[in-house]
Every structure is written in structure tokens, then in C-alpha cells.
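Peer 1: Would you mind keeping the following structure in view while I ask a few things?
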Amino acid sequence: MITRTRVTLLLFSVPTPASCQLPPTSHLSPPLLYHPAPGTMASSEEDGAVEEKENNNKRRTKSAIATAWLTFYNIAMTAGWLVLALAMMRFYIHKGTHKGLYRSIARTLKFFQTFALVEVGHCALGIVRTSVIVTGVQVCSRIFMVWFITNSIRQIQNEESVILFLVVWTVTEITRYSYYTFNLLHHLPYFIKWARYNLFIVLYPLGVAGELLTIYAALPFVRRSGMFSMRLPNKYNVSFDYYYCLIVVMLSYIPLFPQLFFHMLRQRRRVLHGEVIVEKDD
């Protein structure tokens, strides 16, 4: 009995191997945490700053390229419409009549007016902060007047209404593109700013009147010739009457003209008089 007790005591008194012993609680090491090497945090901050700087440089480069392109575009369009104005004045001085004037400037007019489609791309790409729809309607209506009415129906090319909208377009575009050019160059003369936001009050209604009278003059020729129309039966099984299409185009001026005109009036108050215009959501 004594032997067994001694053996038991000896077993409990045998020291545990050091590899199996737990250190005292007071000496426990804290859990291992990730500590970045010296300079790592500073390096990440520097990388972020460098990346932000590169992004800013890219934005500035894109902005500079866009400004350079817009400046070139507006100078070219101003020059183009000035050429048209000089050509019209020279023709009238030499001929003493407006008859034949359209044919003398048709090629230049078609080129510069069609090239204005680039402006829709400017809006779509965000280079210019203007509505794509509004710009598209204005540009395409001009192109429609040039290509599908005046250029296609030679019988109306000598109408006074054609000369009316041509003169209005020329004065408007010279004023508009020169305004944009000087504004981009940060040197905008006040008289150009004044002309941009005052002349439209007279020119816009005159231009619309000239366009409507020209379309109206084209209606009899379109009806007799059946141009651009498709009659049934045909292989496409589609009917289209260009005559009634022109009537719809004329009627579309009723809702569109007031919207665009009053939009320009709001812009006029904002630019010339510094009024804050609050647009209400419909």
C-alpha cells in the first residue's frame, strides 16, 4: 500500500516536458497581428496620390483636346457662314436680283449645314452640355429644308421665302458661332453677346416664316410629281405620301416653335440679366 502511494506521488511529481508546459498567463504573448513594414503605408498613400494626379492630368488633357477641337470647329463654321454671306451679297450686287442666288451658293450651303451634324455628336459624347434631342431636332430640320425641299424641288429655289430663311440662317449662324468661338477663347466682346441673345427675337420668327412659306410653296409640285412617295401595291407593301408628310412637318412647328423660342428667352434672362432660372420637373 505504501509502495503504491509513493509511486502515485512520484508520477504526479514528475515535471512536464518544457515543450508541453504553458507559460504563465501574465507572460502570454499578444495574438500575432499584421504590421506593415516601415514605409509601406506611406508608399500606398503615395501610389494613391500619383494615381489621382495621373487621372487629373488625363482629364485636363481630354478637356484641352476638346476645347481645341471646339475652337477649331466654331472658327471653321463662322468662316463658312461668312463665305456664304459674302457670296450672297456679291451675287445680288452683280445680278441685281435674287433669282439664281440659291443655285450659286447651294454647294457651300449643303456642305456647312450638313457638317453641323457634328454638333449632335458633341452632345452625345458630353463635350457640350446641351440636350441631344434639342440639338438633333434643330440640325436635322435645317438639313431637311436644304436637301429634301429646296435642293430637291428646283421650281421653288427662286422663291422669296427661300432667300428669307437663307439670310436669317446666315446672320444667326455667324452670330452664334462667333459667340462660341470668343467664349472658348475667354475674350467675349459684349456686342457679340448682346447680338446672340437679342437678334433671335426678330430672326427666329422670320426664319420660321421663311421655312413654312417654302414648304407651302413646295406642296403643289410634290403633289403633282409624287416625289418621294410610295403607292400601293408594291413589293414592300408600304404606302407613303410625301405630300402629307410635309403637311405634318408644317404642323409640327406649332408645338416646337414656342418651346424653343421661350427656351432662348430664359437663356437671355440668365445670361444678360443674371436671373436664376429654376426649371420645374413636369
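The values are calculated or read from the model by the stated rules, or taken from the named source; none is laboratory data. Please read these numbers as outputs of a predicted model, since none were measured by experiment. Cβ atoms come from the backbone with ideal geometry, glycine included; neighbour counts cover every protein chain shown. Protein only, heavy atoms only, side chains kept; ligands, DNA and RNA dropped before computing areas. Shrake-Rupley method; radii C 1.70, N 1.55, O 1.52, S 1.80 Å.
Peer 1: Can you tell me which of 182-195, 97-110 comes out highest on packing, and rank the rest after it, using the mean Cβ neighbours within 10 Å?
Peer 2: Ranking the peptides 182-195, 97-110 by packing returns 97-110, 182-195.
Peer 1: Leu117 to Asn57: extension gain in nm, 0.36 nm per residue of separation minus the Cα-Cα distance?
Peer 2: Gain on extension, Leu117 to Asn57, equals 18.6 nm.
Peer 1: How far is the Cα center of the range 129-186 from the Cα center of the range 228-251, in Å?
Peer 2: About 26 Å separates the Cα centre of the range 129-186 from the one of the range 228-251.
Peer 1: Which lysines does Lys99 reach when only Cα atoms under 24 Å apart count, and residues fewer than 8 places away in its own chain are ignored?
Peer 2: Lys110
Peer 1: How far, in nm, would the chain grow between Ser229 and Ile143 when pulled straight, counting 0.36 nm per residue and subtracting the alpha carbon separation?
Peer 2: 29.0 nm
Peer 1: Across the range 186-198, in residue order, what do the Karplus-derived ³J(HN,Hα) couplings come to in whole Hz, using 6.51 cos²θ - 1.76 cosθ + 1.60 with θ = phi - 60° and x for Gly and Pro?
Peer 2: 6, 8, 9, x, 5, 5, 6, 4, 5, 5, 4, 10, 10
Peer 1: Using modelled backbone amide H atoms (1.01 Å from N, in-plane), which distant-in-sequence or interchain residues come within less than 5 Å of Met230's amide H?
Peer 2: Amide H neighbours of Met230, under 5 Å, 5+ apart: Phe240, Asp241, Tyr242.
Peer 1: Per residue, what accessible area does the range 88-156 have, given a 1.4 Å probe and all protein chains present, in Å²?
Peer 2: 61
Peer 1: For the range 112-225, what is the charge dipole size about the Cα centre, in debye to the nearest 20, if Lys and Arg each add +1 at the Cβ and Asp and Glu each add -1 at the Cβ?
Peer 2: In debye, rounded to 20, the range 112-225 gives about 120.
Peer 1: With the crude spin-label approximation of a point 7 Å out along Cα→Cβ, what separation in nm comes out for Tyr216 versus Ile254?
Peer 2: 1.5
Peer 1: Tell me the label-point distance for the pair Phe240, Thr130, using the 7 Å Cα-to-Cβ offset, in nm and rounded to one decimal.
Peer 2: Modelled inter-label distance: 2.8 nm.
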